[in-house]
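The values are calculated or read from the model by the stated rules, or taken from the named source; none is laboratory data. Only a predicted model underlies this, so the values are computations on that prediction, with no experimental measurement involved. All Cβ positions, glycine included, derive from the backbone under ideal geometry; neighbour counts span all protein chains shown. Just so you know, the surface numbers come from the protein's heavy atoms only, side chains and all, with ligands and any DNA or RNA stripped out. Shrake-Rupley method; radii C 1.70, N 1.55, O 1.52, S 1.80 Å.
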Amino acid sequence: MATNHRKKQVIAIIGAGISGLLACKYSLSKGFDPIVFESEDSIGGVWTKTIESTKLQTPRPFYQFSDFPWPDSVTDMFPGQQAVMEYIESYARHFDLLRHIQFNSKVLSLSYESGGGSDGDQWNLWGGAGEPLSSKGKWNVTVQDTQNPSPQVYQVDFVVVCVGRFSQVPNIPEFPLNKGPEVFEGKVIHSMDYSKMDSTTATNFVKGKHVAVIGSQKSGMDIAMECSIVNGIERPCTVITRTPHWNIPDYFPWGFPLAYLYLNRFSELMVHKPGEGLLLSLLATTLSPLRWAFSKFVESYLQHKLGLAKHGMVPDHSFLKELSSCLISIVPEGFYDRVEEGSIKLKKTKSFGFSKEGIVLEGQAEPIKSDLVILATGFKGIDKLKHIFESPKFQGFIAGKDDYAVPLYRECIHPQIPQLAIIGFSESVANLYTSEIRCRWLAELLDGKFKLPNIKVMEKDIAEWDKYKKRYSYSKNYRRSCIAALHIWYNDQLCRDMGWNPKRKKGLLAEWFDPYGPMDYAG
């Protein structure tokens with residue numbers, strides 16, 4: 001009987017990237033009727049629009065579906081874009097998810113109809129009654145089909161927003177008057193535009209040009225690498241960065257697996273946790289010299305291996321802060337060899353502007369002559385998320401405070417926005433693995449297996465997590481949500497909510513010292 005009733009409850013999922021596919025699969029497993037709106041013509045999210053030389057940033061065993069391992073034919077520890085896409089596509093086919101996806105369907109807006117007339121400000125429980133599904137409340141989802149000019153409105157019982165934070169709304173730096181791109185005679189694009197090009201187009205686009213790349217994170221390094229291969233030392237590519245980062249050449253500092261330093265329960269004892277008791281707090285304080293030593297161990301390897309001091313690229317913050325900010329990237333193979341030979345030049349500056357000829361760094365009279373500037377300056381994830389809501393009130397809830405990460409309970413639910421979850425916005429050591437456990441948690445919540453606490457309790461928990469994120473992130477202005485250094489502690493909370501045993505290993509030693517990954521949560 002319950003299943004018949006369930007069939008009528010429609011769940012709208014926005015986005016068919018990793019999180020959207022997982023949300024679809026797990027809501028189907030509970031008998032719901034999901035409809036996935038994808039603005040592009042294929043699944044895969046950021047993986048469909050990425051630089052062709054991009055590889056997985058996480059070792060393969062940490063980036064896999066718990067019930068769908070990688071095929072034996074993939075042996076590379078860091079598979080490339082094509083292999084990742086094939087893996088995601090075979091997952092979607094295996095679980096028959098494609099028939100639930102409407103491609104080329106862009107969600108223009110979401111508006112909530114409460115029916116009961118009550119206002120969120122007076123609620124004590126989420127949505128008024130604390131239930132994920134309500135017979136009174138509905139979401140209206142306005143969708144634009146790229147083939148059809150008139151938008152269509154779908155009324156649904158629950159919405160899962162899986163739009164991710166690394167697409168669509170580029171973060172363009174602001175410049176003083178006469179110091180911006182308008183005075184520059186060359187071309188300025190965002191890395192997003194470069195990523196959309198196929199390999200041949202990208203090669204022809206940068207060929208014979210003096211290229212400057214702003215930003216030294218993943219896409220910045222990949223683009224610089226590609227430019228240096230095309231143009232060599234005759235026209236070196238200049239990488240300009242404000243904040244050097246602890247990017248890694250591999251996951252084995254001095255031959256020791258990084259996972260044993262940072263991805264097991266023991267490593268999490270060294271970090272002060274949201275909601276910890278006195279004993280755990282004392283332990284984290286007592287173990288702080290060890291925490292420092294772990295960071296120094298990794299940093300010494302990176303400095304030795306990459307020659308960071310010689311290039312003036314030693315970060316001011318610790319490796320743990322880099323990990324806790326989800327900002328670690330893998331250095332493309334041979335990147336620093338190209339720096340040595342001169343086909344990539346690294347420049348550090350507090351600020352920069354444009355001139356007619358190129359880029360002007362603070363304190364330097366001579367501009368860096370450029371024909372093309374590529375801004376690898378990231379995305380405005382919060383803006384993209386916020387503007388999907390029609391209600392200014394809901395937009396304000398999502399934006400939160402200026403110095404706050406998006407305020408989500410369990411990194412999924414906003415206490416003041418009913419019948420809606422956000423998945424894949426908060427990051428971890430491997431986003432696929434974290435999105436999967438969140439989607440399983442959400443499916444159990446929708447299925448009535450557990451209830452959320454009242455709004456005050458949720459808000460207190462969000463504030464605790466925010467305090468933790470501030471304490472360990474590399475920058476005071478940091479607004480991304482990252483649980484990488486506490487992914488086991490976080491998963492433990494989800495497990496307890498769902499009534500699972502959070503301890504997933506066999507034996508005490510394994511429980512404390514073996515790294516945790518997706519397969520620990522299988523079954």
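Quick notes on this structure:
- For region 428-498, the list of trypsin sites (Lys or Arg not before Pro) that fall in a loop by DSSP and count at most 12 other C-beta atoms within 10 angstrom reads 476.
- Semi-axis lengths, Å, region 181-375, gyration tensor of Cα atoms, sqrt of 5 times eigenvalues: 37, 17, 15
- Percent of alpha-carbon pairs separated by more than 38 Å within the chain: 29
- Of the trypsin sites (Lys or Arg not before Pro) found in region 273-370, those in coil by DSSP whose Cβ has at most 11 other Cβ atoms within 10 Å are 350, 356.
- For region 181-375, with +1 on Lys and Arg beta carbons and -1 on Asp and Glu, the positive-most of 212, 264, 329 along the dipole: 264
- Pairwise centroid distance, computed over Cα atoms, of region 2-72 with region 290-304, Å: 37
- Each peptide in 273-282, 61-70 was scored by the mean count of other Cβ atoms within 10 Å over its residues; highest first, the order is 61-70, 273-282.
- Share, in percent, of DSSP beta bridges within the chain that are antiparallel, nearest 5: 40
- Solvent-accessible area assigned to carbon and sulfur over region 181-375 amounts to 56 percent, based on a 1.4 Å probe.
- Ratio of the Cα radius of gyration of region 178-269 to 2.2 N^0.38 Å, where N counts its residues: 1.46
- Whole-number percent relative contact order across region 181-375, with pairs defined as alpha carbons under 8 Å at least 6 apart: 37
- Computed log₁₀ I(q)/I(0) - Debye formula, equal Cα scatterers, no solvent, region 260-393, q 0.09, 0.11 Å⁻¹: -0.49, -0.69
- Evaluated on region 1-88, the Kirkwood hydrodynamic radius is 14.7 Å, with distances taken between all distinct Cα atoms.
- Orphan Cys of the chain, criterion: no other Cys C-beta under 4.7 Å: 24, 162, 412, 439, 495
- Beta bridges by DSSP in region 181-375, antiparallel share as percent, to the nearest 5: 25
- Relative contact order for region 258-333, counting Cα pairs under 8 Å that sit 6 or more residues apart, in percent: 19
- Pairs from the list 380/469; 348/369; 196/356 with a Cα-Cα gap above 22 Å: 196/356.
- Think of a 1.4 Å ball rolled over the protein heavy atoms: region 9-129 then has 42 Å² of accessible area per residue.
- The charge dipole of the chain, taken about the Cα centre with unit charges on the Cβ atoms of Lys, Arg (+1) and Asp, Glu (-1), comes to about 940 debye, rounded to the nearest 20.
- When you restrict to C-alpha pairs under 8 Å that are six or more residues apart and normalise by the size of the chain, the relative contact order lands at 21 percent.
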